[in-house]
Amino acid sequence: MSATLFDPKTIRQQPADNSHSAEPLAVDSLAQANQPAGTAKKKVYIATQGCQMNVYDSEKMGNVLGDSHDMVVTNNIEEADVLLMNTCSIREKAQEKVFSELGRWRKLKEDNPDLVIGVGGCVASQEGDNIQKRAPYVDMVFGPQTLHRLPELYDKSTHQRDVKPKDRIGTVDVSFPSIEKFDFLPEPKVEGYRAFVSIMEGCSKYCSFCVVPYTRGEELSRPLDDVLAEIDSLAEQGVREITLLGQNVNGYRGEKDDGSICRFAELLHYVAHVDGIERIRYTTSHPLEFTDDIIEAYAKLPQLVSHLHLPVQSGSNKILAAMKRNHTIDVYINQIKKLMAVRPDMHLSSDFIIGFPGETEEDFLDTLNLAKDLDFDHSYSFIYSKRPGTPAAELPDDVSLATKKERLAIFQKVIRDSTLKKTEEMVGKTLRVMVEEVADRYPDQLLGTADNTRSVLFKATEQQKKDLMGKFVTVKINDYVSPHMVRGELVDILG
């Protein structure tokens, strides 16, 4: 596949196919009338839990309410007119943690009865109207796929302020309306030089431990034109680095304008040809979808960073089978070897679940040895957490919590040691860095991010602090500040 075949501008000259769109949602015009000209703008506070998809969704919540009701996002919960909680159901006792936080928000509502409280995200999708039954002061509940309906839900909740929650009309919406939310989101607005772009929703892998298919639905990919239009808009606003998002991001199957399907590797080529985009990341991948054409893209596209996050979850084939991951360790290792052949400087990270039901000492050692053999740069590891409604929740689990904690501590030390070793090895090397800001703790230094995810500090003149923002530079590393931060001196300005 030749990169020269891909020209994103060519396809965007064609009229967009909106056949996948639903009818626009009605937003009550009274909302605008309720805010006379000259009055202070209403403020929305958004508490975000969980993954990068939730971070992206929270940004869109702020954009939606800003576009429809001229609201502004605030980091001060005390001054907010609207409180939104974007929830995550991955961690243990996620529901109880949500209701615990809502209990604190209740006190704010008692002091300000006009305060509007909304709960979104995956816990909202799981719990539905049970949230208002347990916490009747919550005004609206919405799922990950219906955040674009926030203006409508907000209007209904404010107009029914004196109506009992059980009698309210339409203030709970946790449906799965295909991919329509992206059709009604406003133009993306960003500050800074990095941005997330969601290219698909949901997951169809049905790993036995995971709730995502039940809270975000089956896999649905955004049309290619829509994805590229969003990235174009971000690039025009000065964004230089794009992170493509999806629960199973490399399983992307987006429809092209001619009705054919664009796979993930092909999308990477399109994104690499967007003017202004110099760096491409993506998360989260599945080994089943990490195909040879994606590896080939690493050989051809310098915009693809030399960092890959590819969750493996366990180093034991027995446990992988119980997890319904549908691949073996040999397959995973072979993929990594092929990738390293085209990118020898590749930095790897992964996800691991420690203490999955039935995990023996031998299974754990398989996982530990895999981490040592592949020398992961960093990884996320957690003790298995039973999620209601998942097949794994019914599996017998005879491993004690004490044993699981002991195994996790051993495993995380291996990862920490590997991270520190790789950071130490950067000393003396020259890294490509995207400059992003003046360092808060070091006002005489600029702070940026290397391709391998390390934060990089280097001294800069006052003029350089103005001129280098958003630029790519090379920095020779002299020492390290922490396992994830290094310090060096400016070598060259790449532009």
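The values are calculated or read from the model by the stated rules, or taken from the named source; none is laboratory data. Note that the structure is predicted; figures quoted are calculated from it, not measured. Ideal geometry is used to build each Cβ from the backbone, glycine not excepted, and the neighbour counts take in all protein chains shown. Keep in mind that these areas ignore ligands, DNA and RNA; they rest on the heavy atoms of the full protein, side chains included. Shrake-Rupley method; radii C 1.70, N 1.55, O 1.52, S 1.80 Å.
Looking only at the stretch 267-306, residues that are of a type in the set (Ser, Thr, Tyr), in contact with a strand residue (DSSP E or B) (Cβ under 6 Å, 6 or more places away or on another chain) and open to solvent by less than 10 Å² (accessible area, probe 1.4 Å) come to 1 in all. A Cβ distance below 6 Å, combined with a sequence gap of six or more or placement on separate chains, defines the contacts here; from the stretch 213-242, residues that are small (Gly, Ala, Ser) reach residues that are outside any loop (DSSP other than H, G, I, E, B) and modelled with pLDDT of 90 or more in the pairs Ser221/Met200; Ser221/Arg253; Ser221/Gly254. Inspect all residues belonging to the stretch 312-319 and state whether any of them is within 23 Å of the chain's Cα centre (by Cα) and of a type in the set (S, T, N, Q). Yes; the residues of the stretch 312-319 include at least one that is within 23 Å of the chain's Cα centre (by Cα) and of a type in the set (S, T, N, Q).
Scanning the stretch 118-161 for residues that are crowded, with 20+ Cβ neighbours inside 10 Å, modelled with pLDDT under 90 and in a loop (DSSP other than H, G, I, E, B) yields a single hit, Gly143. Taking residues in the stretch 57-73 that are at pLDDT 90 or above, and partners anywhere that are among the small types (Gly, Ala, Ser) and not in a helix (DSSP H, G or I), the pairs with Cβ atoms closer than 8 Å and at least 6 places apart or on different chains are Met61/Gly120.
Table: residues versus (1) surrounded by 19 or more Cβ atoms within 10 Å (Cβ to Cβ); (2) more than 21 Å from the chain's Cα centre (by Cα); (3) assigned to a helix (DSSP H, G or I); (4) of a type outside the set (A, V, I, L, M, F, W, C).
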| residue | (1), (2), (3), (4) |
| --- | --- |
| Met53 | yes, no, yes, no |
| Ser58 | yes, no, yes, yes |
| Val64 | yes, no, yes, no |
| Asp67 | no, yes, yes, yes |
| Glu78 | no, yes, yes, yes |
| Leu84 | yes, no, no, no |
| Ser89 | yes, no, no, yes |
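Please verify whether the stretch 324-337 includes one or more residues that are over 26 Å from Ser221 (Cβ atoms), hydrophobic (A, V, I, L, M, F, W, C) and open to solvent by 40 Å² or more (accessible area, probe 1.4 Å).
Scanning the stretch 324-337 turns up at least one residue that is over 26 Å from Ser221 (Cβ atoms), hydrophobic (A, V, I, L, M, F, W, C) and open to solvent by 40 Å² or more (accessible area, probe 1.4 Å).
Close Cβ contacts (under 7 Å, 6 or more residues apart or on different chains) running from residues in the stretch 339-361 that are in the same structural domain as Arg416 (by the TED database) and over 19 Å from Lys421 (Cα atoms) to residues that are in a strand (DSSP E or B) and β-branched (Val, Ile, Thr) comprise Ile354/Ile383; Gly355/Ile383.
Could you tell me whether Lys164 is open to solvent by 10 Å² or more (accessible area, probe 1.4 Å), at pLDDT 85 or above and either closer than 21 Å to Asn54 by Cα or not acidic (Asp, Glu) (or both)?
no
Against the numbered list (1) under 27 Å from Asp330 (Cβ atoms); (2) open to solvent by 50 Å² or more (accessible area, probe 1.4 Å); (3) in contact with a strand residue (DSSP E or B) (Cβ under 6 Å, 6 or more places away or on another chain), Asn369 comes up short only at (3).
Screening Val491 with (1) β-branched (Val, Ile, Thr); (2) in contact with a Lys or Arg (Cβ under 9 Å, 6 or more places away or on another chain); (3) part of a loop (DSSP other than H, G, I, E, B) gives one miss only, at (3). Scanning the stretch 420-468 for residues that are within 14 Å of Tyr480 (Cα to Cα) and touching a Gly at 6+ places or on another chain (Cβ under 6 Å) turns up Val456, Phe458.
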